Amino acid sequence: MASSNSFFSRPSGDVVGIKYKGIDNLLENKNLRNNRGYWDVVWNNPGENKIFVDKLQATRFRVITARADQVEISFVKTYNVSQQRGAPVVPLNVDKRYIMQRGHSGFYAYAIFEYLEGWPEVKMDQIRMVYKLQQEKFQYMALSDTRQTVMPKAKDRKHGQQLAYPEAVRLTKPSNPAFRGQVDDKYQYSMEDKDNKVHGWICTDQSVGFWMITPSDEFRSAGPMKQDLTSHVGPTILSMFVSTHYAGKKAGIELKEEADV
């Protein structure tokens, strides 16, 4: 198996490039460096309707393991109460980790979230990992053996007709005439968490795929029968850790101090 070369922004901890099989970057070079491979949290203060998105930009980089066959790196975002005076940031310490092994084409990603006593209360509706692939390279999406197809492009949605809600768009002027009149909606590609093991995109001119592999799902909120997003037009590929999709606010996370009895 061919190895890949992964490139990270330092110290913020975004994945800015993945070089593989002669392709300089599987991710979309036209996007900003913090909009290619990243984590984010959708959150709000309890009792308030204003929603914030925190892309968990780290401020400290360190090497956890450095062996001939394996490297693990860490990007840490540390919360400081004084930060609340400026732009809102989610009250969490976050350690984003990436593990790469010699001879393996992929990498393993996980994160450690820490909430300390005395910090502000917080509600989180979504925690996810996002990768945005090269638009001209990846046009075939596969969710399972039976759910896979050529996909429209992001620009086709921009030229389409929005329907009942922003995610649902009728394709009126697609670059591929076969899509004319079809409706694209990222919720069409959802699946139950118990079935969400592998999904991703296949390059249309080379034998290259980009896959989100989830070996277990005990970390996900709301249990194995909950539906959630997978991949969608972009091309975008997701790993949803926490989400209120299909289940409402109770499927999110609320952190607060316990009241004295």
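The values are calculated or read from the model by the stated rules, or taken from the named source; none is laboratory data. As the structure is a computational prediction, the values presented were derived from the model and not from experiment. Ideal geometry is used to build each Cβ from the backbone, glycine not excepted, and the neighbour counts take in all protein chains shown.
Assorted remarks:
- Number of the condition not met by GLY22 [criteria: (1) over 17 Å from the mean Cα position of the chain (by Cα); (2) touching a residue at least 40 places away in the same chain (Cβ under 8 Å); (3) surrounded by 13 or more Cβ atoms within 10 Å (Cβ to Cβ)]: (3)
- The set of residues in region 106-136 that are within 30 Å of LYS155 (Cβ to Cβ) and more than 19 Å from the chain's Cα centre (by Cα) contains only GLU136.
- Residue in region 220-229 that is of a type outside the set (Gly, Ala, Ser), outside the structural domain of ASP40 (by TED's automatic domain parsing), in contact with a helix residue (DSSP H, G or I) (Cβ under 6 Å, 6 or more places away or on another chain) and over 17 Å from MET129 (Cα atoms) present: yes
- Lone unmet requirement of (1) more than 27 Å from GLU117 (Cα to Cα); (2) touching a Phe, Trp or Tyr at 6+ places or on another chain (Cβ under 9 Å); (3) without any contact (Cβ under 8 Å) to a residue 60 or more places away in the chain; (4) basic (Lys, Arg) for ARG33: (2)
- Selection status of PHE113, outside the structural domain of ALA58 (by TED's automatic domain parsing), surrounded by 15 or more Cβ atoms within 10 Å (Cβ to Cβ) and in contact with a Leu (Cβ under 6 Å, 6 or more places away or on another chain): no
- Test: LYS256 is over 16 Å from LEU133 (Cβ atoms) and loosely packed, with under 14 Cβ neighbours inside 10 Å: yes
- Of the residues ASP195, ASP217, the single one that is under 26 Å from SER105 (Cα atoms) and over 17 Å from the mean Cα position of the chain (by Cα) is ASP195.
- Scanning region 75-87 for residues that are surrounded by fewer than 16 Cβ atoms within 10 Å (Cβ to Cβ) and in contact with a strand residue (DSSP E or B) (Cβ under 6 Å, 6 or more places away or on another chain) yields one hit, THR78.
- The set of residues from region 63-78 being of a type outside the set (Ser, Thr, Tyr) and assigned to a strand (DSSP E or B) comprises VAL63, ILE64, ALA66, GLN70, VAL71, GLU72, ILE73, PHE75, VAL76, LYS77.
- Residue satisfying condition, being in contact with a Pro (Cβ under 8 Å, 6 or more places away or on another chain), within 15 Å of THR236 (Cβ to Cβ) and surrounded by 19 or more Cβ atoms within 10 Å (Cβ to Cβ), within set ASP184, ASP193: ASP184
- Scanning region 199-229 for residues that are in contact with a Gly (Cβ under 9 Å, 6 or more places away or on another chain), at pLDDT 95 or above, closer than 30 Å to LYS250 by Cα and buried (at least 17 other Cβ atoms within 10 Å of the Cβ) yields a count of 2.
- Sub-7 Å Cβ pairs linking a first residue in region 53-72 that is touching a residue at least 24 places away in the same chain (Cβ under 8 Å) and closer than 27 Å to VAL42 by Cβ to a second residue that is aliphatic (A, V, I, L, M) and part of a loop (DSSP other than H, G, I, E, B), at least 6 apart or interchain, are ASP54/VAL89; ASP54/VAL90, ordered by first then second residue.
- Test: ALA87 is closer than 20 Å to SER9 by Cβ, out of contact with any Gly (no Cβ under 6 Å at 6 or more places or on another chain) and touching a residue at least 60 places away in the same chain (Cβ under 8 Å): no
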